[in-house]
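Inspection log for the structure reproduced underneath, given as structure tokens.
The values are calculated or read from the model by the stated rules, or taken from the named source; none is laboratory data. It should be emphasised that the depicted structure is a prediction, and the values quoted were computed from it without experimental measurement. Note: ideal-geometry Cβ built from the backbone for every residue, glycine included; neighbour counts use all protein chains shown.
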Amino acid sequence: MAILPERLKIGESIISISMKEDVGVYETADYVLIEISNKAGKINIPKIAQTVAGLIKGEKKIVAIRGYGFKGIGLGVRIAHEIKMREKRFDYDMAFDTFDASEPGNEFPVTSMQVVIIPAKKEE
């Protein structure tokens, strides 16, 4: 499995939720981070999964999906499942992790989940 970028290693950290939209997309030189709010409404899961598959297969990018709270976790898992259904079309490694996240003004952390999808390296 490829090495996880340092900024995607969560460990015991509590991540701060500061999203204003249902879905946030943040691109870095090392990876693309997709965050799904704990207050997310209806989102287009197949379209997001298709875009993520394109980033992994076509651009060989690492993609991380973070789902915050009950709704965010559920939607993040559904996106990961859509990608898994496409796995015959490209090779990748997938890693799951859970963590706590906090919202400004709320003293109780929400359970959250991160899925990291890494393009598989071809063995020669």
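I'd like to know if the range 32-42 contains one or more residues that are of a type in the set (Ser, Thr, Tyr), under 15 Å from the mean Cα position of the chain (by Cα) and over 17 Å from Gly74 (Cα atoms). Checked against the condition, which is being of a type in the set (Ser, Thr, Tyr), under 15 Å from the mean Cα position of the chain (by Cα) and over 17 Å from Gly74 (Cα atoms), the range 32-42 yields no hits at all. For the range 21-72, enumerate the residues that are at pLDDT 90 or above, among the acidic types (Asp, Glu) and farther than 18 Å from Ser112 by Cα. Glu27 - this is the single residue of the range 21-72 that is at pLDDT 90 or above, among the acidic types (Asp, Glu) and farther than 18 Å from Ser112 by Cα.
Residue-by-condition table, conditions (1) within 22 Å of Phe99 (Cβ to Cβ); (2) basic (Lys, Arg); (3) surrounded by fewer than 21 Cβ atoms within 10 Å (Cβ to Cβ):
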{"position": "Glu27", "(1), (2), (3)": "yes, no, yes"}
{"position": "Lys39", "(1), (2), (3)": "yes, yes, yes"}
{"position": "Gly58", "(1), (2), (3)": "no, no, yes"}
{"position": "Ala64", "(1), (2), (3)": "yes, no, no"}
{"position": "Gly74", "(1), (2), (3)": "yes, no, yes"}
{"position": "Arg78", "(1), (2), (3)": "yes, yes, yes"}
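The set of residues from the range 6-15 being surrounded by 11 or more Cβ atoms within 10 Å (Cβ to Cβ) and closer than 30 Å to Gly41 by Cβ comprises Arg7, Leu8, Ile10, Ile14, Ile15.
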